[in-house]
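The values are calculated or read from the model by the stated rules, or taken from the named source; none is laboratory data. Predicted model only: the values in this text are computed from it and were never measured. Don't worry about glycine lacking a Cβ; one is built from the backbone with ideal geometry, like all the others, and counts go over all protein chains shown. Areas reflect the complete protein model, heavy atoms only, side chains present, ligands, DNA and RNA absent. Shrake-Rupley method; radii C 1.70, N 1.55, O 1.52, S 1.80 Å.
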Amino acid sequence: MLTKEEREREESEYRQWVKETESIQEREFLTEEGIPIKRVYTPLDLEEMGFDYLRDLGFPGKYPLTRGIEPSMYRAKPWTIGTASGLAGIEESNHIYKEAISRGMTLIGVLHDMVAQNGLDPDHPMAEGEIGRVAVPIYSLKDFEELFDGIDISKIYLRNNIMSVGIVTIAMHLALAEKQGVSIKTLRGATQSDFLKEYISRGNWILPPRAEMRLLCDSFTYCLEHAPLYNPLSVSSYHIAEAGANRIQEGAYLLAIAIAYVEAVLKRGINVDQVAPLFNFFMRLEHRGFLEEIAKIRAVRAAWSRIMKERFNSKSPGSNFYLWIREGGSTLTKDQYLINLVRMGITSLAGMLSGCQQMTVPAYDEAISIPTDKSLRSAQRCMQIVEHETGVGNTVDPLGGSYYLEYLTHEYKIKMRKEVEVIDGLGGMVAAIEKRYPQQQIALNAYKQQKKIDSGETIIVGLNRFCSDEKESVETYEYDPEVARKRIEEIQELRKNRDNERVKKALDKIRRVAEKPEGNENNLAIPIMEAVKSYATRGEMCNVLREVFGEYKERSPF
Amino acid sequence: MTRKRIRVLAAKPGLDGHDRGVLIISQALSNAGMEVIYTGRKQTPESIVEASIQEDVDVIGLSILSGNHLMMAAKVVKLLLEKNMSHIAVIVGGFIPDNDIPALKELGVREVFPSGTPLGSVVEYIEQSFGNLAND
């Protein structure tokens with residue numbers, strides 16, 4: 001806070017400086033969202049926005065948590081870095097996870113293939129050509145056991161990128177723990193289960209929203225009782241950003257979706273401080289707009305804290321803003337692919353400066369194929385270099401107090417809050433999705449972004465500027481279609497060799513409970529757990545749910 | 001002489017739900033004065049061909065990011081042939097390795113627009129290939 005004399009002197013000096021430099025030709029600078037970027041920021045700007053250190057930043061670990069969710073951040077707890085990957089073969093995926101762990105990664109993000117994400121079995125007609133094509137074809141508990149053969153899952157944070165009917169994967173994860181002799185009471189790990197964002201970005205939905213919400217609430221009450229350290233939900237805006245949202249939209253839709261989930265789970269009679277620790281967050285972090293991205297994270301963290309305090313009366317508001325971030329694959333280039341490593345280095349730096357808890361980055365061949373173990377290794381090293389060589393984690397929120405960063409954080413906070421209010425006005429996120437509002441906003445912004453790339457206004461090195469004529473060869477992952485055939489055979493074998501009486505009973509039980517009204521007394525996690533343990537396949541379990549609840553029907557945004 | 005509006009079916013076959021590309025293309029073509037019908041996600045070759053016949057389109061644009069383009073394109077082209085609808089052209093966009101472009105064209109795909117292709121090129125290609133003047 002400036003005294004009156006200080007302010008007057010600074011204002012006068014500032015005006016003098018502007019006058020002295022007014023002949024310099026400059027273009028207008030704006031963030032992607034249209035926020036003006038001045039030539040320089042000073043204490044006067046902080047004054048103008050009414051900056052109050054204790055109110056707006058505070059100390060790390062204390063409301064509003066802008067500077068970090070924990071008092072000591074990386075000084076006390078190491079950054080959790082890892083890989084989000086998976087190959088077409090279960091055995092080769094097991095191998096790359098083991099390699100990652102041997103390199104010091106403690107976060108393993110399991111990428112399940114499209115067939116699994118859509119709740120299908122590999123012999124479903126729509127599975128043709130998709131089995132294991134972009135990730136691991138995991139269709140039953142048996143597959144999951146093989147995927148983690150020789151890996152103690154209690155020693156890592158295992159994340160599953162399953163969005164719809166997450167409850168089946170949560171059950172698989174907990175069942176796997178039991179098979180490994182790991183207590184689910186202390187198991188840490190997650191299944192993303194964020195189905196709402198699927199309707200507005202990725203598109204891997206299965207059931208209609210109400211049914212999905214019921215399953216989500218069931219998984220919360222189940223975990224609260226049996227697996228209190230497990231995270232049955234990670235609210236994710238990464239995909240929303242990748243779909244074309246700008247930072248204000250990414251933040252606002254993340255917040256609005258999280259609000260929708262909290263409101264739903266609270267209806268089950270749990271209090272907010274029991275709900276909060278069960279879920280965490282996943283956002284995109286880019287090297288593009290380095291400072292803007294860091295501001296975005298800080299803004300969302302503070303905004304979420306405020307929401308938890310003012311809307312939900314949480315006693316430790318925002319403390320669950322435990323954040324995983326990843327660079328968006330969409331910003332990597334095919335041409336001169338090694339330069340993507342530079343991008344990953346920059347993003348890793350931004351990641352640590354933003355105060356996230358978990359981080360993964362894509363590999364340099366992201367624009368070409370799914371990664372090889374070699375390309376995964378260099379991605380992992382990027383993060384280790386930042387962690388161990390740059391020293392930015394030696395103090396908490398080292399960029400805090402930067403006049404520009406605080407201005408941006410403030411701007412993003414205000415604008416995100418406004419957009420959340422728009423969603424509120426539409427009746428909340430579920431209603432807004434039905435009205436296709438976020439879908440339209442995202443698609444329009446994606447178009448705007450593409451036009452800027454096409455016109456050259458947005459420069460992407462190796463894409464629209466500074467390209468190379470050379471065709472560099474790179475060793476890439478080759479998808480083997482034999483995998484698909486094998487997987488179908490294996491699932492058919494599984495169906496023959498398991499206790500089919502037990503499976504049938506379990507599937508019938510799922511149906512009977514699903515047909516009952518939703519509520520804690522009809523928790524679908526219980527029959528699903530039994531079905532998973534009896535080696536029912538994902539497709540079989542999801543089919544029952546589809547039969548009872550129907551399938552989601554998409555309406556185009558335009 | 002009036003210019004008939006070019007009719008395009010923008011389609012997402014298969015399980016991959018990432019629709020940013022197809023939504024951007026749809027907007028670009030629409031802004032260029034074409035009639036764009038977007039099928040939505042999770043379409044099959046059968047549903048795509050049926051929609052293209054029902055909507056009487058000039059061209060089908062398949063957006064495929066999963067790597068499954070050869071199989072999908074082959075099926076769509078085959079179905080069009082079986083239904084005597086081969087006058088409907090098929091173009092493909094998305095995650096298409098350079099090596100697969102000749103193979104796709106051999107299957108009967110008219111043109112391929114791998115990700116990174118400027119929107120203007122797609123608009124121009126469709127206008128030049130399918131724009132026609134209808135007699136009054």
Given charges at beta-carbon only (K, R positive; D, E negative), |dipole| of chain A in Debye: 1340 debye
The protein assembly as shown - Rg over Rh from alpha carbon coordinates, Kirkwood radius: 0.97
Accessible area buried between chains A and B, both sides summed, probe 1.4 Å, in Å² to nearest 100: 2700 Å²
Listed residue (A:161, A:81, A:95) projecting farthest to the positive dipole end of region A:81-220, Cβ model: A:81
Table column - 3J(HN,Hα) (Hz), region A:310-321, Karplus curve with 6.51, -1.76, 1.60, x for Gly and Pro: 7, 8, 10, 6, 5, 7, 10, x, x, 5, 8, 7
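Ignoring ligands, DNA and RNA, what percent of the 1.4 Å accessible area of chain A is carbon and sulfur? If you can, show how the numbers build up before the last one.
Details: 11780 of 22810 Å².
Here it works out to 52 percent.
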Most to least packed among A:389-399, A:472-482 [average Cβ atoms within 10 Å]: A:389-399, A:472-482
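Using a Förster radius of 22 Å, what is the FRET efficiency between residue A:28 and residue A:402 based on their Cβ-Cβ separation? Nearest 0.05, please. Walk me through the numbers before you get to the answer.
On the way: r = 22 Å, r/R0 = 0.99.
The pair residue A:28/residue A:402 has a calculated efficiency of 0.50.
Using a 10 Å cut-off on Cβ to Cβ distances, tally the other chain neighbours for every residue of A:450-458 and report the average as a whole number. Can you show the working numbers first?
On the way: counts 9, 7, 0, 3, 6, 3, 1, 0, 0.
Per residue, the average neighbour count from other chains is 3.
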Residue A:134 long-range amide H proximity, modeled H, under 5 Å: A:114
Averaged over A:193-202, number of beta-carbon atoms from partner chains that fall within 10 Å: 1
Exposure rank, largest accessible area first [A:533, A:435, A:267, A:496; 1.4 Å]: A:267, A:496, A:435, A:533
Accessible surface ranking that places the most exposed of A:102, B:66 first, with a 1.4 angstrom probe: A:102, B:66
Estimated inter-spin distance, residue A:452 and residue B:98, nm [label 7 Å along Cα→Cβ]: 2.9 nm
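Give the average, rounded to an integer, of partner chain Cβ atoms located within 10 angstrom of each Cβ in B:21-29. Please list the in-between numbers first.
On the way: counts 4, 1, 13, 9, 2, 5, 9, 4, 0.
Mean partner-chain Cβ count within 10 Å for B:21-29: 5.
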For residue B:90, distant residues with modelled amide H under 5 Å away: B:60, B:110
Relative contact order %, region A:475-551, counting alpha carbon pairs below 8 Å whose residues are six or more apart: 33 percent
Computed accessible area, residue A:388, all protein chains, 1.4 angstrom probe, square angstrom: 140 Å²
DSSP bridge orientation in chain A - percent antiparallel, rounded to nearest 5: 5 percent
Note, ³J(HN,Hα) from phi for region A:281-290, Karplus 6.51, -1.76, 1.60, rounded to Hz, x at Gly and Pro: 10, 9, 10, 8, 9, 10, 7, 7, x, 3
FRET efficiency for residue A:180 and residue B:106, using Cβ-Cβ distance with R0 set to 60 Å, rounded to 0.05: 0.75
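Taking 8 Å as the Cα distance limit and 6 or more residues as the minimum spacing, I'd like the relative contact order of chain A as a percentage. Spell out each step's value before the answer.
Working: 967 pairs, mean separation 105.6, N = 558.
Reported relative contact order: 19 percent.
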Relative contact order of region A:48-90, defined on C-alpha pairs under 8 angstrom at six or more residues apart (%): 20 percent
Amide H partners (placed H, <5 Å) of residue A:193, local residues excluded: A:162, A:163, A:234
Approximate spin-label separation residue A:395-residue A:52, in nm, with each point projected 7 Å along Cα-to-Cβ: 2.6 nm
Global form of region A:517-558, assessed from the alpha-carbon gyration tensor, a/c cut-off 1.5: oblate
Cα-centre dipole for region A:289-423 with unit charges at Cβ (Lys and Arg positive, Asp and Glu negative), debye to 20: 500 debye
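With every protein chain present, what is the per residue accessible area of region A:333-420 (1.4 Å probe, Å²)?
Working: 3080 Å² over 88 residues.
That works out to 35 Å² for each residue.
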1.4 Å probe, heavy atoms, protein only - residues of region B:44-72 losing at least 50 Å² accessible area vs chain alone: B:66, B:68
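Report the gain in length on full extension from residue A:414 to residue A:8: 0.36 nm times residue separation, minus Cα-Cα distance, nm rounded to one decimal. Each step should come with its number before you reach the end.
Numbers: separation 406, 0.36 × 406 = 146.16 nm, distance 2.75 nm.
Value of the extension gain: 143.4 nm.
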Rounded tilt (10° steps) of A:4-20 against the dominant C-alpha axis of chain A: 80 degrees
Efficiency of FRET between residue A:520 and residue A:75 - r from beta-carbon atoms, R0 35 angstrom, step 0.05: 0.25
J(HN,Hα) series, region A:94-105, from Karplus relation 6.51 cos²θ - 1.76 cosθ + 1.60, nearest Hz, glycine and proline x: 3, 5, 5, 5, 4, 4, 4, 5, 5, 8, x, 7
Distance from region A:272-301 to region A:182-212 (C-alpha centre basis), Å: 18 Å
Pair residue A:155, residue A:39: separation of 7 Å Cα→Cβ label points (nm): 5.8 nm
Folded to 0 to 90 degrees: helix A:482-497 orientation relative to chain A principal axis, Cα: 50 degrees
q = 0.25 Å⁻¹: log10 I(q)/I(0) that the Debye formula gives for region A:369-416, counting C-alpha atoms only: -0.86
Qualifying lysines (Cα of each under 24 Å from Cα of residue A:448; at least 8 residues distant if same chain): A:38, A:197, A:296, A:334, A:413, A:415, A:418, A:435, B:12
Lysine pairs within region A:470-558, Cα separation less than 19 Å, 8 or more sequence positions apart or different chains: 9
